[in-house]
1. Restricting the search to segment 49-64, which residues are of a type in the set (Lys, Arg) and in contact (Cβ under 8 Å) with a residue 40 or more places away in the chain?
2. Does Ile104 fit the bill of being touching a helix residue (DSSP H, G or I) at 6+ places or on another chain (Cβ under 7 Å) and not polar (S, T, N, Q)?
3. Does Glu22 meet the test of being closer than 19 Å to His112 by Cβ, among the acidic types (Asp, Glu) and assigned to a loop (DSSP other than H, G, I, E, B)?
4. Filter segment 46-83 down to residues that are over 14 Å from Ser7 (Cα atoms) and in a helix (DSSP H, G or I), then give me how many there are.
5. In segment 74-85, what residues are surrounded by 17 or more Cβ atoms within 10 Å (Cβ to Cβ) and either closer than 19 Å to Ser144 by Cα or modelled with pLDDT of 95 or more (or both)?
6. Name the residue that is nearest to the chain's Cα centre (by Cα), counting only residues in segment 46-60 that are of a type outside the set (Gly, Ala, Ser) and farther than 14 Å from Phe98 by Cβ.
Amino acid sequence: MTVMNTSLLVLLDLQDEHKNFETIFDSHIFCRFTNKIQCLEHVSSRLTNIRLLHFFIPKSEHIIIDARLLFFNTIYYIYCIDQISINEMKQQYDYPMFVKIFHIKSLSTYLHQAAIAHLIEQAERRKHEPDEHDIALQAAAEFSDILANELYEYMIEKIG
């Protein structure tokens, strides 16, 4: 019998610019790939064992969505380098529940948000295992603090 994981966060990082996330997120829920083929093979091999895939892809690889290489249990996060790219992707993908489009500067924010959702779900599923439950909630709280700081910095930047 296979174990059903609640979710998985996958980052396709073709430019190898986001290695730091490997030290932030637990390898049980987060994987970063610099090779598209290896990434898609990894994801495809795990789709039957996860409830939800959070798939972070650069704009250059948005064709993955069109090709339907992945399935219904996927939320796609397309990160873009400028507002023109964001606008272009928003015109092409008007599915706000399944496709999130944002500037690359917000990548950390979206990764933390997805990780928090995963950890809260994990805690709910482990109510009868107090240690595991508490560990998941503690990690979610720590990520929430990081997320709050990032959102505060964003607000300061926008307001001036």
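The values are calculated or read from the model by the stated rules, or taken from the named source; none is laboratory data. Only a predicted model underlies this, so the values are computations on that prediction, with no experimental measurement involved. Here the Cβ positions follow ideal geometry from the backbone for every residue, glycine too, while neighbour counts run over all protein chains shown.
1. If the condition is that a residue be of a type in the set (Lys, Arg) and in contact (Cβ under 8 Å) with a residue 40 or more places away in the chain, then Arg51 is the only one that fits.
2. Against the criterion (touching a helix residue (DSSP H, G or I) at 6+ places or on another chain (Cβ under 7 Å) and not polar (S, T, N, Q)), Ile104 does not qualify.
3. No.
4. 8
5. The answer is Tyr77, Ile78, Tyr79, Cys80, Ser85.
6. Filtering first and then ranking leaves Pro58.
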